[in-house]
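Here is the structure we will look at, set down as structure tokens.
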Amino acid sequence: QVQLVESGGGLVQAGGSLRLSCAASGSIFSINDMGWYRQAPGNQRELVASINSSGYTNYTDSVKGRFTIFRDNAKNTVALQMNSLKPEDTAVYYCKANMLIRGRPRRADYWGQGTQVTVSS
């Protein structure tokens with residue numbers, strides 16, 4: 001069984017910081033891209049940041065300069081450091097990993113359960 005387990009969400013005041021973490025576990029052969037998405041009420045889920053196995057990163061414009069994505073390939077983990085948080089960052093944040101699982105023929109996207117981030121003004 002493959003799992004992505006997130007942690008680190010919570011309530012913070014505007015201007016504050018939070019760090020989200022996500023750990024992948026199970027019969028993982030390899031992980032390609034890992035990333036963080038978010039979904040606010042009434043909105044579609046959107047990409048926040050992604051990182052590939054070589055460390056190349058990509059950020060949505062609204063978080064550039066404030067958020068940083070990290071990855072530890074040895075531990076199958078990805079983290080998102082969020083600084084200078086704004087009320088509009090409030091959303092449920094989801095971890096996603098594109099993985100090849102042992103015994104399965106092709107890669108697939110796997111999602112975590114989501115963690116709530118609330119930024120008060």
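The values are calculated or read from the model by the stated rules, or taken from the named source; none is laboratory data. As the structure is a computational prediction, the values presented were derived from the model and not from experiment. Backbone-built Cβ (ideal geometry, glycine too); neighbour counts: all protein chains shown. Surface areas here come from the heavy atoms of the whole protein model, side chains and all, with no ligands, DNA or RNA. Shrake-Rupley method; radii C 1.70, N 1.55, O 1.52, S 1.80 Å.
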Open item on the list: So for the stretch 88-105 (the condition being farther than 21 Å from Gln3 by Cβ and open to solvent by 80 Å² or more (accessible area, probe 1.4 Å)), does at least one residue qualify?
Closed with: yes
TODO: Please enumerate the residues belonging to the stretch 7-29 that are within 24 Å of Asp89 (Cα to Cα), of a type outside the set (Gly, Ala, Ser) and over 15 Å from the mean Cα position of the chain (by Cα).
DONE: Leu11, Val12, Gln13
Task: Output for the stretch 21-41, where each listed residue is open to solvent by less than 70 Å² (accessible area, probe 1.4 Å), part of a loop (DSSP other than H, G, I, E, B) and either modelled with pLDDT under 95 or over 16 Å from Thr115 (Cα atoms) (or both) - done: Gly26, Ser27
TODO: Please state which of the following conditions Arg66 fails to meet, knowing it meets all the rest: (1) open to solvent by 40 Å² or more (accessible area, probe 1.4 Å); (2) in contact with a Ser or Thr (Cβ under 7 Å, 6 or more places away or on another chain); (3) not β-branched (Val, Ile, Thr).
DONE: (1)
TODO: Output the number of residues of the stretch 93-121 satisfying the condition of being under 15 Å from the mean Cα position of the chain (by Cα), touching a residue at least 60 places away in the same chain (Cβ under 8 Å) and not in a loop (DSSP other than H, G, I, E, B).
DONE: 12
TODO: Tell me, please, whether a residue that is open to solvent by 40 Å² or more (accessible area, probe 1.4 Å) and touching a Phe, Trp or Tyr at 6+ places or on another chain (Cβ under 6 Å) can be found in the stretch 42-58.
DONE: yes
